[in-house]
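Undergrad: Quick one: structure below, then a few questions.
The values are calculated or read from the model by the stated rules, or taken from the named source; none is laboratory data. In this text, all values refer to a predicted model and were calculated from it rather than measured experimentally. Here the Cβ positions follow ideal geometry from the backbone for every residue, glycine too, while neighbour counts run over all protein chains shown. Each accessible area value is taken on the protein alone, full model and side chains, heavy atoms only, with ligands, DNA and RNA left out. Shrake-Rupley method; radii C 1.70, N 1.55, O 1.52, S 1.80 Å.
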Amino acid sequence: MIHLYKTNSTAFIHEFILLGFVYSKEVEILLFVLFSIIYILTLLGNSAIIWAVWWDQQLHTPMYILLANFSFLEICYINSNVPNMLFNLLSKTKTISFTGCILQFYTFLSLCATELFFLALMAFDRYVAICRPLHYPTIMTRKVCGTLVSACWLGGFLWLVTPASVISQVPFCGSNVIDHYLCDLGAILAISCVPVPKTTLTCSTFSAVLIFISFFYIITSYALVLYAVVQVPKGSGRKKAFSTCASHLAVVSLFYGSIMVMYVSPGTASQPGLQKFLTMFYSIATPLLNPLIYSLRNKEMKVALRKVIVSLLWRILSSGNCFETQILACLMLTFRCPS
């Protein structure tokens, strides 16, 4: 149902319908199960990294503190859109209020902007650690690290204040059906009453400036890092530096590749199917893959995660019955084996 309120000349929508995925009910149930599994695995994977960093004293370094904060950001990021999507997959109405839609738009893209700042900060951390190793302890202190992390969060949410404000002023008076599973920029502007070139230009400018400046900073930082690494004689230090940079660059490539096509490519707005796929990729698939990328290519993280799992199994073991004890004892032996 379309709900309207009237002014002197125009009726404005105050409730939207998120169309989501247009499939049969059976397919929507399958999608619900699939995305629920992805959602749970994402929460578990990122929570495991946070717990491992908090639990292992050896990981109380700026790089791992940033990684733990990044994992917490991914948990917030996926919670900004997936729970509502799962609810709508089983719902018949699929409605969201005007205020709720603008709030979702602001929160979702603010977290996206925060992730861009975090990726740039992680690139800066690796640059200082590898290119200025003697100055690293004095530059990246815990106080400085905490300040930079706070700046990333604050900067991400402040960056989207203007775009969210101008989006809230866009007139909506016709169809209230948003062809997306969340209130994203292109999908919202597609149902405006009249063309809004100034709003589109403002939002595009804010997106492009943040995306390209942070991207070029990251690429430049890692180029300098890789140049410094190849100057190092072959050995474990060189291999470790390459491995760390490779995992960071993999995350950067996944995230930036999708959002550049989404928010910079001019033809994406006219392709709702492509919009949904790209949004799912950078907001659902990337948070799922990040823990795997960081943990599988990082020996210290694998060791810490193994310790956490063994610790949890031991706690369960101490209160289990005989059959459970035998199974968990075998699992503990497995996780204690060297990788």
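Undergrad: Check off (1) open to solvent by less than 50 Å² (accessible area, probe 1.4 Å); (2) at pLDDT below 90 for Trp54 and give me the number that stays unchecked.
TA: In the conditions (1) open to solvent by less than 50 Å² (accessible area, probe 1.4 Å); (2) at pLDDT below 90, Trp54 misses (1) alone.
Undergrad: For segment 198-230, name all the residues that are among the small types (Gly, Ala, Ser) and crowded, with 19+ Cβ neighbours inside 10 Å.
TA: Scanning segment 198-230 gives Ser207, Ser214, Ser221.
Undergrad: Among what's in segment 18-51 and is more than 25 Å from the chain's Cα centre (by Cα) and open to solvent by less than 70 Å² (accessible area, probe 1.4 Å), pick the residue that is modelled with the lowest pLDDT.
TA: Ser24
Undergrad: Same structure, new question: Just give me the residues in segment 57-70 being in a helix (DSSP H, G or I) and more than 16 Å from Ala123 (Cα to Cα), in sequence order. So that I can check it myself, show each step before the final result.
TA: Going through segment 57-70, the residues in a helix (DSSP H, G or I) turn out to be 57-59, 62-70.
Correct list: Gln57, Gln58, Leu59.
Undergrad: Sticking with this structure for a sec: Grab the helices (runs of 4 or more DSSP H) fully contained in segment 254-339, keeping just those with 1 or more residues being modelled with pLDDT of 70 or more. Outline the logic, then answer.
TA: Values: elements: 272-280, 286-296, 299-317, 322-336.
Of the helices (runs of 4 or more DSSP H) lying wholly inside segment 254-339, those with at least 1 residues that are modelled with pLDDT of 70 or more span 272-280, 286-296, 299-317.
Undergrad: To continue, here is another question. Without any contact (Cβ under 8 Å) to a residue 40 or more places away in the chain, part of a helix (DSSP H, G or I) and closer than 24 Å to Ile218 by Cα, is that true of Ser165?
TA: Numbers: without any contact (Cβ under 8 Å) to a residue 40 or more places away in the chain: yes; part of a helix (DSSP H, G or I): yes; closer than 24 Å to Ile218 by Cα: no.
So Ser165 does not fit the description; no.
Undergrad: Which members of segment 11-56 meet the condition of being outside any strand (DSSP E or B) and charged (D, E, K, R)? Lay out the reasoning, then the answer.
TA: Residues of segment 11-56 outside any strand (DSSP E or B): 14, 19-56.
Within segment 11-56, Lys25, Glu26, Glu28, Asp56 qualify.
Undergrad: Please verify whether Phe98 is in contact with a Gly (Cβ under 9 Å, 6 or more places away or on another chain) and under 28 Å from Phe35 (Cβ atoms), treating the condition exactly as stated. Steps first, please.
TA: Numbers: in contact with a Gly (Cβ under 9 Å, 6 or more places away or on another chain): no; under 28 Å from Phe35 (Cβ atoms): yes.
So Phe98 does not fit the description; no.
Undergrad: Give me the residue from segment 58-94 that is among the small types (Gly, Ala, Ser) and over 19 Å from Ile293 (Cα atoms) and, out of that set, surrounded by the most Cβ atoms within 10 Å (Cβ to Cβ). Spell out how you get there, then give the answer.
TA: Step one: filter segment 58-94 for residues among the small types (Gly, Ala, Ser), giving 68, 71, 80, 91.
Within this subset, residues satisfying the condition of being over 19 Å from Ile293 (Cα atoms) are 80, 91.
Details: Ser80: 20, Ser91: 13.
Across segment 58-94, the extreme among qualifying residues is Ser80.
Undergrad: Something else about it: The conditions are (1) open to solvent by 20 Å² or more (accessible area, probe 1.4 Å); (2) assigned to a loop (DSSP other than H, G, I, E, B), and Val170 fails exactly one of them. Which is it?
TA: (1)
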